[in-house]
Every structure is written in C-alpha cells, then in structure tokens.
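To start, the structure itself, in structure tokens.
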Amino acid sequence: MGDAAALGNLARPAGFEPTTLGFGGQYSDPLSYGRFQDKIMPLYHPGAGPRRPHGVNLLFIIDPPEGLKAYKDTTVSMMRAAQRRGHQVHVCTQDALAWHAGPVNARAVHIALTDNDEDWYRRDGSAERALKDFGAVLMRKDPPFDMEYVASTWLLSEAERQGARVFNAPQALRDLNEKFAIAEFAALTVPALVTRDMALLQAFIDEHGDTILKPLAGMGGAGIFRVRRDDPNRNVIVETLAAHGAVSVMAQRFIPEITEGDKRIILIEGRPAPYVLARIPKAGETRGNLAVGGKGVAQPLSARDRQIAEAMGPALAARGILFAGLDVIGNWLTEVNVTSPTCFREIQDLTGYDAAAVFVEALEARVAR
C-alpha cells in the first residue's frame, strides 16, 4: 500500500530490507474481492485461514474522511487491515453520535476501502444504528481534547453501559491526558510541572535553565516552546501559554537527546512493537513531530524502550487502552498518546512490520472474549 518515497521525510536504517511481521504474518491466502472488483482491496476468502471472529461490523469514529491523508493515516491502515480480514467497516464523525432516552446511536456510513491513497474509499449506504449493535466501536477522533471530545466520551460511556465494546475505553480517554499521564509513571520521566501559576512556571525555568513548555490539549507539536533561563521572550511565552494564569501548562526539563529523535513506541494490548519511529527535528527545530517537518527514521526497539513499554503496558491495557503511542526522548518518557495515536503506516513502509494487522488481531481477541 503506497510508496515510502511518497513520504519524503521518512528513512529506513541503512541496509535494512523490509519484512512483514506480526501475529498473522503476510496475507497470502487465496483472495476474493468485494463488489467493486477493479478497485476495492482484497478480502480474505472464506476458509482461507484462521480468523476470529468473522465478519464483525466495526464503527470508526473519525475526523471528516475527506480530510484524512490515506498515504500516512493510521486509522485508514486499521480499516484496510480490518477489511482484509473480512470485517465490515463503518464510519461516522463526532456530530453523528446521539442519545434520546434509549440507546446511544450513530448515523454511520458503510464504506469499502480501496488500495488507492488518492481515492481510498467508496460509500455503500448509511443508516442510524445503536452503538451496542456493532461488534466494536473505535474512537479515532484527533485532538484537541476539548469539551466536545469529553461529551463524546460521555456518550461512549453510556453506550458501554448498554453493551457496546469501545476502544480505547472512554473513561481511560478522559482520565489519561496525553501530556499529564506521565505523572503516573514519574520514575520514567524528567522533572516536570503542571500549573497555571506563572510564578511557579518561572521558578521552574530558573531551576532547570533549559525547559520545554506546552499546552495540555495540543497535538502535532502545536504550541510547544523551548524556553531557556536567559530567553528574552520567556515572560511573553509564559503569559501566552498560561493565558495570564487562566490555563494550565506543562513544563519539562529539556532533553538534549532530541537531536537523536522523538521516538514513538507502539503499544498494542500492552505489548510493544519491535520497531519505533524516531522523528528527527529539522535544522533549527527542537520539535521532532512529522507535522512540523521532522524526519521519520525506523529503529529497532532498544532495551530502554522495552523497559519503559513493559513498565507501562499492563497498566494501560488493564484500563482498556488497546493501542497507545509512547513518546520517548533519550531514555525518558515524555507523553502517553491514547486518543488517536499514529505511525502505523510510516513504520510499515520503512520496515514491513504490519502494525495494523497486529492491532486488528488484538481487537478480534478482545471482541471474542
């Protein structure tokens, strides 16, 4: 699917040849096709191999599909992997969720996925349906984690009470702020502070000399500042981020190993993938996010990466976090991404490791319980 060359800011390790890994291995069984034979991605032929359970209706709650970039989008990779394994894919946006003295419903669109990143899906009708009637519901709406996002998790929690299977679990989405979640694993992190008190933020900068300040609800590197003790703009940065004391901000001690990359560790059902995506900042930047020009380099999971993943994985899985993305700089955990973590496609393009297939198999195992 796609071409790593289309992702010009990605690179595989020198001499590395892609292989397809994962619980299910490469899809090589006889294939049949859906109703759009010339365009739709292949489905498993009935009886072509073990899969559990068969033909589940899956609902993905997503951002507007016309805005998704299929050549790199993790949710699209998930949906393609699910279709390959014989499942039916439905999508809706947040505004399609509703409750009216009964089941939580969604106006969902059934789609068939293609292998063309420029024209990646076909609509195949829509219907209003109770969330509990889907085999699984996957919340894949991107941040910001605002009150509308919180309202969606309330609806999803009610749907869970009614019998829906929701991933990641809505309570965990509410409880685990992606920046502040490191507090639970403080031994794995550098010194950090969360406050709206500007005097405390200024004292933290004075104490550590070189710091990172960021909003609690952002994504993709937005609103992140490196602030040194002698920075002439430090006051205005603190005032702007904290809105003169009205908004809480996270401060962390700067980690100089950012030059080696901001590593994304993929956790599926609490277990780490064998590769990470190190996002290397471009010249003059301290942010490695791909969204701001970072270069993605695939690397094997290091011993320290594994230690961090194994320390956190069981606790996250126990809360209903089927898929998390841990951000690690040097030897230190910096963020815990649970809303709509990414990097499946980049890692697959660079290494052949099919994280989407592993994810769908883990989802199947959860649904079969």
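The values are calculated or read from the model by the stated rules, or taken from the named source; none is laboratory data. Treat the numbers as computed from the prediction; the structure is a model and nothing was measured. With ideal geometry, Cβ positions are generated from the backbone for all residues, glycine too; neighbour counts draw on all protein chains shown. SASA here: full protein model, heavy atoms, side chains in, ligands and nucleic acids out. Shrake-Rupley method; radii C 1.70, N 1.55, O 1.52, S 1.80 Å.
Things to note:
- Here the extension length gained between Ala130 and Ala222 equals 29.6 nm, from 0.36 nm per residue of separation less the Cα-Cα distance.
- Inter-part distance where region 208-241 and region 138-168 are each reduced to a Cα centre, Å: 30
- Taking 19 Å as the cut-off, the amide N atoms of region 241-262 that come nearer than this to a point 7 Å along the Cα-to-beta-carbon line of Asn331 belong to 253-262.
- Relative frequency of Cα-Cα separations exceeding 18 Å in region 252-326, percent: 45
- For region 64-127, Kirkwood radius (reciprocal of mean inverse C-alpha pair distance, Å): 12.7
- For the pair Gln307 and Glu184, a Förster radius of 22 Å applied to the C-beta separation gives a FRET efficiency near 0.85, rounded to the nearest 0.05.
- Counting only protein chain heavy atoms and rolling a 1.4 Å probe, the accessible areas of Arg80, Arg287 rank, largest first, as Arg287, Arg80.
- Scaled radius of gyration (Cα, divided by 2.2 N^0.38 Å) that the chain gives: 1.01
- Summary of the geometry: region 292-350 and region 271-290, compared by the centres of their Cα atoms, lie 10 Å apart.
- Using equal-weight Cα scatterers in the Debye expression, the normalised intensity of region 235-369 in log10 at q = 0.21 Å⁻¹ is -1.25.
- Diffusion coefficient, µm² s⁻¹, Stokes-Einstein with Kirkwood Rh over alpha-carbon pairs of region 154-215 at 10 °C and 1.306 mPa s: 111
- Assigned charges on the beta-carbon of Lys, Arg, Asp, Glu; the chain dipole about Cα centre (debye): 620
- For Arg319, the accessible area of its heavy atoms, probed at 1.4 Å with every protein chain present, is near 100 square angstrom.
- Here the dipole of region 324-369 is about 200 debye; that uses its Cα centre as origin and unit charges on the Cβ of Lys and Arg (positive) and Asp and Glu (negative).
- Over region 127-252, the alpha carbon radius of gyration divided by the compact-protein estimate 2.2 N^0.38 Å works out to 1.33.
- For region 201-307, a Kirkwood hydrodynamic radius built from all Cα pairs, placed in the Stokes-Einstein relation at 4 °C and 1.567 mPa s, yields a translational diffusion coefficient of 85 µm²/s.
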